[in-house]
């Protein structure tokens, strides 16, 4: 059985947390597609050409240290706007989406570009301030020195770049279910997403 769940939304809206939780709950495989771009971005920071970096990814690259830093995130957003980089990674993501037994993918263009025929499309969002506080807490745990205001500015710059890019901009698919996680606990947000998935599975 193939059953694809596409989860999109801006940074720190809860995509990864919710995607991992529902994948575990329903026994689906999970792919953090942002990690593909972060892994490629790390190679670019190390000196590789963006397209070459995207084509050369291996599982080892997904386990490298430092992929969650703000610097890598900004570079990932920049190379994600390059059509040839996106093309190099689309096939990988689409093969994963067809995983027998079900798959959950989270990113920014899963429901619109990667898996437009996904059985479930969710678009997670939250207010800028809530997302900044969440991301600041994540970075602080890893020793980051950015202030909440710095993180907020970083998120807003990335949001603008992701929304305004010509290729696969960050938008909700027309048939996506939008979940605002601003005032939800993790359990509440997971439950909301799981209810949509359960309803579509029948």
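The values are calculated or read from the model by the stated rules, or taken from the named source; none is laboratory data. Keep in mind that what you see is a predicted model, and the values were worked out from it rather than measured. When we count neighbours, we look across all protein chains shown, and the Cβ atoms used for this are built from the backbone with ideal geometry, even at glycine.
Key figures
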| item | result |
| --- | --- |
| Candidate set: the stretch 16-39, residues that are within 18 Å of residue 168 (Cα to Cα) and part of a helix (DSSP H, G or I); chosen: the one modelled with the lowest pLDDT | 34 |
| Those residues of the stretch 51-62 which are in a helix (DSSP H, G or I) and under 25 Å from residue 10 (Cβ atoms), in sequence order | 53, 54, 61, 62 |
| Count of residues meeting criterion [modelled with pLDDT under 90 and outside any helix (DSSP H, G or I)] in the stretch 67-83 | 4 |
| Set 133, 190: member being touching a residue at least 12 places away in the same chain (Cβ under 8 Å), touching a helix residue (DSSP H, G or I) at 6+ places or on another chain (Cβ under 8 Å) and either exposed (fewer than 13 other Cβ atoms within 10 Å of the Cβ) or farther than 20 Å from residue 31 by Cα (or both) | 133 |
| Residue match in the stretch 3-14 (condition: in a helix (DSSP H, G or I) and at pLDDT 95 or above) | no |
| Pairs where the first residue, in the stretch 6-34, is touching a residue at least 24 places away in the same chain (Cβ under 8 Å) and on the phi > 0 side of the Ramachandran plot and the second is surrounded by fewer than 20 Cβ atoms within 10 Å (Cβ to Cβ) and not in a helix (DSSP H, G or I), C-beta under 6 Å, 6+ apart | 9/125 |
| Count of residues meeting criterion [assigned to a helix (DSSP H, G or I) and farther than 11 Å from residue 76 by Cα] in the stretch 40-50 | 0 |
| Failed item in (1) surrounded by 15 or more Cβ atoms within 10 Å (Cβ to Cβ); (2) without any contact (Cβ under 8 Å) to a residue 40 or more places away in the chain; (3) closer than 22 Å to residue 20 by Cβ, with residue 152 passing the rest | (3) |
| Qualifying position, being in contact with a helix residue (DSSP H, G or I) (Cβ under 6 Å, 6 or more places away or on another chain), touching a residue at least 24 places away in the same chain (Cβ under 8 Å) and within 25 Å of residue 127 (Cα to Cα), among 72, 44 | 72 |
